[in-house]
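Colleague: Pasting in a structure now, in structure tokens, and then I'll have a few things to ask.
The values are calculated or read from the model by the stated rules, or taken from the named source; none is laboratory data. Predicted model only: the values in this text are computed from it and were never measured. When we count neighbours, we look across all protein chains shown, and the Cβ atoms used for this are built from the backbone with ideal geometry, even at glycine. Each accessible area value is taken on the protein alone, full model and side chains, heavy atoms only, with ligands, DNA and RNA left out. Shrake-Rupley method; radii C 1.70, N 1.55, O 1.52, S 1.80 Å.
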Amino acid sequence: MDIHWAALGGVFGVSLGITLLTVVLFSLGVAAQPRGDGRGHGGERSRGANPTATAAALLCFGACLAVAVYGLTLIIGD
């Protein structure tokens with residue numbers, strides 16, 4: 001039984017990178033969401049809704065969903 005250490009290291013590196021990317025994207029989406037609906041950090045209402053922040057939050061959450069669906073298709077296959 002031979003272990004291909006380079007392939008194992010590559011899989012580990014890609015998995016770690018995608019995991020970190022997904023966590024950062026989700027965190028950015030959570031941070032942008034309150035600004036998009038017009039709420040501040042404490043939950044109080046501010047001047048108004050920010051459509052750019054809402055779009056950024058949706059984009060981040062959509063990217064996280066795409067990563068999750070792609071991972072599921074790799075696991076499940078045909």
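Colleague: Taking the chain as the reference, fit the longest principal axis to its C-alpha atoms, fit the long axis of helix 51-76 to the helix C-alpha atoms, and give the angle between the two in degrees, 0 to 90, nearest 10.
Modeller: So the inclination is approximately 20 degrees.
Colleague: Build a GNM of the chain with springs between Cα atoms under 10 Å: which of Phe12, Phe26, Phe61 gets the top mean-square fluctuation?
Modeller: Phe12
Colleague: To the nearest 0.05, how large is the calculated FRET efficiency for Leu59 and Ala7 if R₀ is 25 Å and r is the Cβ-Cβ distance?
Modeller: Efficiency for this residue pair is about 0.15.
Colleague: Just to confirm the number: angle between the C-alpha axis of helix 5-36 and the first principal axis of the chain, 0 to 90 degrees, nearest 10?
Modeller: 10 degrees
Colleague: Would you mind working out the accessible area per residue for the chain, using a 1.4 Å probe, and quoting it in Å²?
Modeller: On a per-residue basis, 80 Å².
Colleague: Which of Gly62, Gly29, Gly13 moves most in a GNM of the chain, Cα contacts under 10 Å?
Modeller: Maximum among the listed residues: Gly13.
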